[in-house]
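The values are calculated or read from the model by the stated rules, or taken from the named source; none is laboratory data. No experiment lies behind these values; they were computed from the predicted model shown. Cβ sites come from the backbone with ideal geometry, for glycine too, and all protein chains shown count toward neighbours. These area figures cover heavy atoms from the full protein model, side chains too; ligands, DNA and RNA do not enter into them. Shrake-Rupley method; radii C 1.70, N 1.55, O 1.52, S 1.80 Å.
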Amino acid sequence: MKKCLTVVFSTLAILSCSKAPVTLPVVFQDHMVLQRESPVPVWGWTKPGAKVTVSLGESAVNVKAGKDGRFHAVLPEQQPGGPFTLTANDAVVSDVLIGDVFLCSGQSNMELPVKRCLDVVAEDVKDYVNPQIRYLRVPLAYDFDGPRKDLPACSWEVLDSTEKALSWGAVSYFTAKALQRETGVPVGMVNSSVGGSPIEAW
């Protein structure tokens with residue numbers, strides 16, 4: 001009986017010390033790009049009061065979730081490079097690059113995909129691949145009751161094929177090419193645009 005109780009209490013002790021599972025926002029996905037030479041914020045949700053260890057490369061910080069289960073950590077500035085692995089307890093984000101991240105916002109001219117410009121840019125797009133360039137298209141979503149907690153499902157894409165590039169916003173695509181060629185560091189383009197939207201909305 002004593003042995004059984006010892007096993008039970010030991011198991012409970014191990015479970016109590018184990019790190020609580022974490023949910024990261026949709027934007028924290030494999031292949032993402034984080035801004036270089038700037039503090040790196042990482043946030044998410046877990047059990048209220050749970051401890052969370054966030055790490056990226058050789059950097060790591062420990063934080064505690066609030067009563068609502070939300071946590072917010074800030075990693076120190078990072079130099080360009082990668083790929084790295086970002087972790088927050090059990091959550092793992094692979095193939096993370098550190099470079100320059102740009103928000104591409106606007107109307108239909110920012111939405112316009114590369115495939116609709118091929119009559120002019122076909123030769124510039126043909127056979128061009130560059131894994132140092134990443135792209136995230138933010139889906140259209142709204143909520144009249146208040147700010148949304150997170151984005152709808154979306155994913156970071158790597159410029160590893162011409163076919164994939166055809167669906168990217170043309171302005172984002174060619175801007176990324178020019179910037180990456182100029183700086184030599186990874187480039188992440190986040191396209192959040194809505195055709196026909198009034199400027200006041202932005």
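Scan segment 25-47 for residues that are outside any loop (DSSP other than H, G, I, E, B) and without any contact (Cβ under 8 Å) to a residue 40 or more places away in the chain and the total you get is 4. Counted as qualifying within segment 65-143 are the strands (runs of 3 or more DSSP E) with 3 or more residues that are of a type outside the set (A, V, I, L, M) and under 15 Å from the mean Cα position of the chain (by Cα), namely 81-88, 91-106, 130-137.
Condition check ((1) open to solvent by less than 40 Å² (accessible area, probe 1.4 Å); (2) at pLDDT 95 or above; (3) aromatic (Phe, Trp, Tyr)) across all residues:
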{"site": "72", "(1), (2), (3)": "no, yes, no"}
{"site": "77", "(1), (2), (3)": "no, yes, no"}
{"site": "84", "(1), (2), (3)": "no, yes, yes"}
{"site": "134", "(1), (2), (3)": "yes, yes, no"}
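Is segment 69-80 home to any residue that is closer than 25 Å to residue 169 by Cα and not aliphatic (A, V, I, L, M)? Yes, the conditions are met somewhere in segment 69-80. Going by the conditions given, is residue 20 small (Gly, Ala, Ser), open to solvent by less than 30 Å² (accessible area, probe 1.4 Å) and assigned to a strand (DSSP E or B)? The answer is no for residue 20. For segment 30-46, a residue qualifies if it is under 20 Å from residue 148 (Cα atoms) and either open to solvent by 50 Å² or more (accessible area, probe 1.4 Å) or among the hydrophobic types (A, V, I, L, M, F, W, C) (or both), and the qualifying residues are 41, 42, 43, 45.
Under the condition of being over 16 Å from residue 187 (Cβ atoms) and among the β-branched types (Val, Ile, Thr), the residues counted in segment 115-133 number 3. A residue that is under 25 Å from residue 183 (Cα atoms) and without any contact (Cβ under 8 Å) to a residue 24 or more places away in the chain can be found somewhere in segment 119-133.
Scanning segment 176-202 for residues being free of Cβ contacts under 8 Å to residues at least 40 places away in the same chain and in a helix (DSSP H, G or I) gives a total of 6. Residue count for segment 142-169 satisfying the condition of being surrounded by 11 or more Cβ atoms within 10 Å (Cβ to Cβ) and either without any contact (Cβ under 8 Å) to a residue 40 or more places away in the chain or hydrophobic (A, V, I, L, M, F, W, C) (or both): 12. The residues on offer are 193, 197, 108, 172, and the sole one that is of a type outside the set (A, V, I, L, M), at pLDDT below 95, farther than 28 Å from residue 71 by Cα and surrounded by 20 or more Cβ atoms within 10 Å (Cβ to Cβ) is 193.
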